[in-house]
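In what follows, a structure is listed as C-alpha cells, so that the remarks can point back to it.
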Amino acid sequence: MKILPAKRHQAADIARLIMEAMDLDCCQYFAGPQHSLQDFELLMTSLVEAEDSQYSYRNTLIALEKPQTVAGMCVTYDGKDLLSLRKAFLKGALRAFGRDFSDMEEETHAGELYIDSLCVLKEYRHHGIATALLKASIEKAKNLHIPAVGLLVDKNNPKAEALYHSLGFTDRNDTSWGGHPMKHLQLVF
C-alpha cells in the first residue's frame, strides 16, 4: 500500500468514499427528496475533479492498493480556506438540486489543517490504512506550518473516536453537522 496525492482520474472512487464518510442519509439530505444518491454522486465527482473545491483531488491523499485500487482517502485543507473552497459545493448544490446551503456553519477555522473526509473501503479496514492516512495528514500540517489538525467525529462512532485519540487528538467541543451530533477533535503541535 502506498499513500499518494490523488489524481483527477480517481475522482469517481474518491467521491464514493467521501459519500460513505459523510453518511448516505446526510448525502440524501443535501440532495433533497426529489433527487437520488446517484445525483449526489455526480455532484461529488465533479467537485473532486475541480481544482477549487474543498473536495478537490488536489486536497486528497489516497491509499493505493494494487495498481488501480483506491483503498482509502483523506481530504484535508487549511481551515482558513473553508469558505472559499466551499463555494463550489454551494454553487453545485444550488445548480443540481435547487437547494441553498449558504447558511451552513463553519466546521473549521484558521490555524487548523482540517480533515474533512476520511474513509477506507470495507474490505481494506483493520489493516492500518486509516492510521497511515492520518499520519500523512499530520505530516502535511507540519510541512505547511499549520499548528493543529482537526476533524469532526460522529458521537455514534466510538471506534473512529478511539483511533483519533490513540494518535493524540483531544476533545475540543461538541457540535453537529448534517443533523448528526459530533465532537470536534484536535491535535495541537
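No lab work stands behind these numbers, since they all come straight from the coordinates. Everything numeric in this text was worked out from a predicted model, so none of it was measured. Heads up, the Cβs are rebuilt from the backbone with ideal geometry, glycines too, and the neighbour counts pull from every protein chain shown.
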Item to check | Whole-angstrom gap from the range 116-146 to the range 9-45, using each part's C-alpha centre | outcome: 21 Å
Item to check | Cβ-based net charge around Cys27, under 13 Å, with every Lys or Arg adding one and every Asp or Glu removing one | outcome: -3
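Do any GluC sites (Glu not before Pro) in the range 24-122 lie in a loop, going by DSSP, with at most 10 other beta-carbon atoms within 10 Å of their beta carbon, and if so which?
Numbers: sites: Glu41, Glu49, Glu51, Glu65, Glu105, Glu106, Glu107, Glu112; in loops: Glu51, Glu105, Glu106, Glu107, Glu112.
Filter output for the range 24-122: Glu51, Glu105, Glu106.
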Checklist entry - GNM, the chain, Cα, under 10 Å: largest mean-square fluctuation among Gln68, Gln54, Gln38? => result Gln68
Item to check | Candidates Ala15, Ala88, Ala110: whichever shows maximal mean-square fluctuation once the chain is modelled as a Gaussian network with Cα springs under 10 Å | outcome: Ala110
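Restricting to the range 2-188, compute how many DSSP beta bridges are antiparallel as a %, nearest 5.
On the way: 31 of 34 bridges.
In the range 2-188, approximately 90 percent of DSSP beta bridges are antiparallel ones.
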Checklist outcome for this item: With Rh as the Kirkwood radius over Cα pairs, the chain has Rg/Rh of 0.93
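Output the pairs from Lys66/Lys183; Lys80/Lys159; Lys2/Lys91 with a Cα-Cα distance over 32 Å in this structure; if there are none, say none.
On the way: Lys66/Lys183 34 Å; Lys80/Lys159 29 Å; Lys2/Lys91 34 Å.
Beyond 32 Å between Cα atoms: Lys66/Lys183; Lys2/Lys91.
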